[in-house]
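Inspection log for the structure reproduced underneath, given as structure tokens.
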Amino acid sequence: MEMSSKLLEKAVTEMAYLPGIGKRTALRLVLHLLRQPEGQTESLAEALQEFRTGIRQCRECHNISDSECCEICSSSKRDRTLICVVEDIRDVMAIENTGHYRGLYHVLGGKISPMEGMGPHDLNIASLVTKVKQGDVRELIFALSATMEGDTTNFYIYRQLEGLPVRLSTIARGIPVGDELEYADEVTLGRSIVQRIPFEGSLKG
């Protein structure tokens, strides 16, 4: 794609690094920004810079946060004996939007996937096991995607927790097999949380 300006070309190239955005979409977005008041573009740049330098990872659940401990973990209204295990921040948002869950979360940061070079030690599994060993957790809900990688991750954690006094459950398979959690509609996802089943029962299926 030939461009008359090196500055335009650089902006388009950087924008095209974003997932799901090709060169043509990037060009349309950059030209849109160019037509906006200069202050609006500066506000966007400032917000992105502040986000990149100021964002933290919650020390408790590994969710993204503005402070050391995220709002969910620091809330006195959450059930601290109940932990929902998810892949990433998008899944936390999806479950929160259902309004059906009042426990805490544990964000793994992905799932076991040898094809992508992701092993158990690349995920936040050790800190989850430590939480359970401390004895305050009554139930863990596995809420990973209904894929081979998600099931493998569930089973690995299950084996790490064998013998510990904690109930292990998994969201009901109202989520189609092979689907990512973040794309499920709120009603289906909410029901799957409420109608969760013992994890051992899911192994028999």
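Read the figures in this text as sums done on the coordinates, not as results from a lab. These numbers were taken from a predicted model, which means no experiment stands behind them. Cβ sites come from the backbone with ideal geometry, for glycine too, and all protein chains shown count toward neighbours.
Here the average projected area of the convex hull drawn through the C-alpha atoms of the chain stands at 14.6 nm².
In percent, how large is the relative contact order of the chain, given Cα pairs closer than 8 Å and 6 or more residues apart?
On the way: 281 pairs, mean separation 31.1, N = 205.
Relative contact order comes out at 15 percent.
Taking other Cβ atoms within 10 Å as a rough exposure proxy, Leu27, Leu48 sort from fewest to most as Leu48, Leu27.
Charge dipole (Cα centre; +1 on Lys/Arg Cβ, -1 on Asp/Glu Cβ; no other charges) of the stretch 53-153 amounts to roughly 380 debye. Only lysines eight or more places from Lys131 in sequence, or on another chain, were considered; those with a Cα closer than 23 Å are Lys77, Lys111.
Starting with the fewest neighbours, write out Lys23, Lys6 ranked by other beta-carbon atoms found within 10 Å of each beta-carbon.
Details: Lys23 14, Lys6 8.
By the 10 Å Cβ count, ascending: Lys6, Lys23.
Cβ neighbours within 10 Å, averaged per peptide: list 158-166, 77-85 in order, most packed at the top.
Values: 158-166: 12.0, 77-85: 16.4.
Result, highest mean Cβ count within 10 Å first: 77-85, 158-166.
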